[in-house]
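Structure first, then comments.
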Amino acid sequence: IYGVKTRKWDFVKSAENGALAVCVLLIIATIALLHSLINLDFSLKYVALNTSTDLATIYRVTSLWAGQAGSILLWCLVLSIYTAVVVFQSRKKDRQLMPYVLSTLSAVSIFFIFIIAFVESPFEQLPFIPKEGRGLNPILQNAYMAIHPLTLYIGYVGVTVPFAFGMGALLSGKLGDEWIRYSRKWALFAWTFLGIGLLLGARWAYLELGWGGYWAWDPVENAAFMPWLAATAFIHSVMIQEKKGMLKKWNMALIILTFFLAIFGTFITRSGIISS
């Protein structure tokens with residue numbers, strides 16, 4: 001922000017390099033946790049709570065997103081990869097808009113990284129090393145649960161990118177169609193994966209819970225359905241703005257709502273406020 005305000009582009013370049021460094025560090029952190037899960041390092045509280053010696057390797061990997069700390073680490077990792085891609089794609093694009101986009105993405109990253117660093121660390125160590133872990137919840141030991149949360153998170157987190165372009169447009173005052181053009185493909189990508197994640201989750205709930213069919217989902221699955229609806233409206237609405245120059249305020253409101261519902265869905269899923 002300082003770089004774009006003062007036109008000292010070295011500061012913007014430094015911020016871009018910082019975003020890439022965060023991505024690399026989060027990849028290292030995720031690999032480290034995966035290594036501990038696969039090799040059953042019970043000195044880590046997260047490993048002891050989510051794995052056991054009788055668990056197949058695929059479900060040891062799945063346990064990365066089975067608990068709160070691991071799933072938030074995954075959230076951070078996916079967002080950092082998105083941010084890195086945005087940096088690589090947009091370095092030579094709109095120099096007035098993109099620094100604000102990166103600032104928004106970084107602000108969201110800071111919030112979630114703060115949680116895994118100081119509130120809910122996946123690397124918290126136990127004062128003793130148990131001989132056996134608690135294991136993975138039996139209903140999570142399903143092939144669909146190995147891919148459903150991952151696809152859902154790619155969609156959830158992907159919503160942050162078009163939201164960041166919207167915030168960049170607001171902060172920079174560039175409220176034309178530029179941010180729409182940049183963000184539409186990102187919105188489609190996130191919407192697609194969110195839809196796939198919902199379908200996989202519906203199948204899993206049907207097989208494991210059998211609550212009267214695909215639509216009798218558990219509350220967490222329904223929470224993920226809300227941002228999909230708002231994103232669907234946004235994707236259709238931006239076409240009207242591009243073709244006729246209408247619904248500019250409505251599009252901005254829709255992308256903010258979509259992001260809010262994605263964050264709210266994550267909160268519902270991981271806070272325990274609603275029993276899954």
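General observations
- Helix 98-114 and the longest principal axis of the Cα set of the chain meet at an angle near 20°.
- Among Phe259, Phe234, Phe118, the residue with the largest mean-square fluctuation in a Gaussian network model of the chain, with springs joining Cα atoms closer than 10 Å, is Phe118.
- With only Cα atoms counted, the chain has Rg and Dmax values of 20.0, 66 Å.
- Each residue was assigned an accessible area with a 1.4 Å probe, and for His236 the value is about 110 Å².
- For the chain, built as a Gaussian network whose Cα springs stay under 10 Å, the top-fluctuating residue of Ile196, Ile129, Ile180: Ile129
- Where GluC sites (Glu not before Pro) in DSSP loops with at most 13 other Cβ within 10 Å are excluded, longest remaining stretch of the chain: 133-276
- When a 1.4 Å probe is rolled over the protein heavy atoms, the share of accessible surface on the range 33-75 that falls to carbon and sulfur comes to 58 percent.
- The residues packed around Phe128, meaning those with a beta-carbon under 15 Å from its beta-carbon, carry a net charge of 0 if Lys and Arg are +1 and Asp and Glu are -1.
- Assigned charges on the beta-carbon of Lys, Arg, Asp, Glu; the range 87-218 dipole about Cα centre (debye): 620 debye
- Spread of Cα-to-Cα distances over 10 Å intervals beginning at zero, given as percent, for the range 33-113: 17, 35, 22, 17, 8, 1
- Highest-fluctuation residue, Val85, Val22, Val159 considered, GNM on the chain with Cα pairs under 10 Å: Val85
- Charge dipole (the chain, unit charges on Cβ, about Cα centre) - positive-most of Gly133, Leu55, Thr266: Thr266
- The chain - charge dipole about Cα centre, Lys and Arg +1 at Cβ, Asp and Glu -1, debye rounded to 20: 1240 debye
- Pairs beyond 23 Å (Cα-Cα), from Lys13/Lys243; Lys45/Lys131; Lys92/Lys248; Lys8/Lys93: Lys13/Lys243; Lys92/Lys248
The values are calculated or read from the model by the stated rules, or taken from the named source; none is laboratory data. All values derive from a computational prediction rather than experimental measurement. Here Cβ is always computed from backbone atoms with ideal geometry, including for glycine, and neighbour counts include all displayed protein chains. Note: areas computed on protein heavy atoms with side chains; ligands, DNA, RNA excluded. Shrake-Rupley method; radii C 1.70, N 1.55, O 1.52, S 1.80 Å.
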